[in-house]
Amino acid sequence: MALLRPSLPTADELRPWLDEIDRGARYTNFGPLCKRLEAALGRVLAGAPPAHVAAVSSGTLGLELALAALGLPAGARVLLPALTFPAAATATLRAGLTPVIGDVDPDTWCLAPGAAGAAGADAVLPVAVFGRPLDTA
């Protein structure tokens, strides 16, 4: 196995899924596979009703929906780490909220301890920089 070589299914392994998509005549959202995925995720996520699970086309849209679901007032302040990706700020702005940039810890590259309190933010959008686990204690 070579480094960075994707492990992809064969055409024969994909065929049943493609056939099901064709039978449902839906190639994007709301098709039978998407609905099954959302239902399965709802069962895994502490019994969330299907209406509370939505497959989306991008991580940015997922963040935007999660922020909107908080029900914060327009313009509420959301703390983001200074070291993040543009989608965090984009999703915050598209949700009608105000991004506030917070300091990062030089050892972890995650939000610095105490950054949330110092920023006076209404919400925090933490980012696990480079996949580094966040300290939630």
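Remarks
- Each Cα pair under 8 Å and six or more residues apart adds its separation to the average, and for the chain the resulting relative contact order is 17 percent.
- Working note: Cα gyration tensor of region 86-137, eigenvalues times five, square-rooted, sorted largest first, giving semi-axes of 19, 14, 9 Å.
- Beta bridge orientation in region 3-137: antiparallel %, DSSP, nearest 5: 10
- Average projected area [Cα convex hull, the chain], square nanometres: 11.8
Any read-out appearing in this document is the output of simple, stated calculations on the displayed coordinates, not a laboratory observation. No experiment lies behind these values; they were computed from the predicted model shown.
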